Amino acid sequence: MAFRGTFDHNLDAKNRLTVPAKFRAPLSDGVVVAKGVEDCVAVWIPSDYEAFVASALEGLNPLSPEARNLQRYFSANALETELDAAGRIMVPPFLIEHAGLEREVVVTGAGPSLEVWNRDRWAKVNEALAAQVVDITAQLGQAG
């Protein structure tokens, strides 16, 4: 499943986020909400989150401090939850603080995951991405 698109949403008074309707079916068996690598909240299908963590740790000595720290980070800063009957997930306070979320948020597709951003922060990030995409694609073209 590839998540695509950008959607304006709101957190309610209980820090619940309504997941865009088109994404509810793939998330119906459970959800992992986690700190994004950037200042956002990542929403994953649990098996995809496990694959992401495994990929990040691949090739690392499991006894190395780097591998243990990555494993610790990915495990301690994520939790499994479920969509409620209204298609909402509860975003815990530590993730709201990490991402600087306020009432108005932006939900973006990020391929294998969704990202939940502070609306103002997303506007800046997206503007910077637009400015960089030509350079990034040129670099990738040269590397291929």
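The values are calculated or read from the model by the stated rules, or taken from the named source; none is laboratory data. Everything quoted here is computed from the prediction, not taken from an experiment. Glycine also receives a Cβ, built like all others from the backbone with ideal geometry; neighbour counts cover every protein chain displayed.
Computed quantities for the displayed model
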quantity: Residue within region 98-117 that is aromatic (Phe, Trp, Tyr), under 24 Å from residue 8 (Cβ atoms) and either surrounded by 12 or more Cβ atoms within 10 Å (Cβ to Cβ) or at pLDDT 95 or above (or both) present; calculated: yes
quantity: Residue that is closer than 22 Å to residue 86 by Cβ and among the hydroxyl-bearing types (Ser, Thr, Tyr), where the choices are 47, 28; calculated: 28
quantity: Residues of region 11-41 satisfying the condition of being assigned to a strand (DSSP E or B) and in contact with a helix residue (DSSP H, G or I) (Cβ under 8 Å, 6 or more places away or on another chain); calculated: 11, 31, 32, 33, 34, 35, 41
quantity: Residue satisfying condition, being of a type outside the set (Ser, Thr, Tyr), surrounded by fewer than 17 Cβ atoms within 10 Å (Cβ to Cβ) and modelled with pLDDT under 95, within set 56, 123, 76, 86; calculated: 56
quantity: Candidates 114, 79, 60 - the one that is in contact with a Phe, Trp or Tyr (Cβ under 8 Å, 6 or more places away or on another chain) and either under 20 Å from residue 2 (Cβ atoms) or not polar (S, T, N, Q) (or both); calculated: 114
quantity: Contacts under 7 angstrom Cβ, first residue in region 89-116 being at positive phi, partner aliphatic (A, V, I, L, M), 6 or more apart; calculated: 111/2
quantity: Pick from region 47-62, criterion acidic (Asp, Glu) and under 14 Å from the mean Cα position of the chain (by Cα), ranking: nearest to residue 30 (Cα to Cα); calculated: 48
quantity: Inter-residue pairs, beta-carbon under 9 Å, first over 14 Å from residue 109 (Cα atoms) and in region 5-25, second acidic (Asp, Glu), 6+ apart; calculated: 10/104; 11/102; 11/104; 16/84; 18/12
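For every residue, the table says whether it meets (1) more than 13 Å from the chain's Cα centre (by Cα); (2) under 17 Å from residue 25 (Cα atoms).
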residue	(1), (2)
86	yes, yes
113	no, yes
119	yes, no
132	yes, no
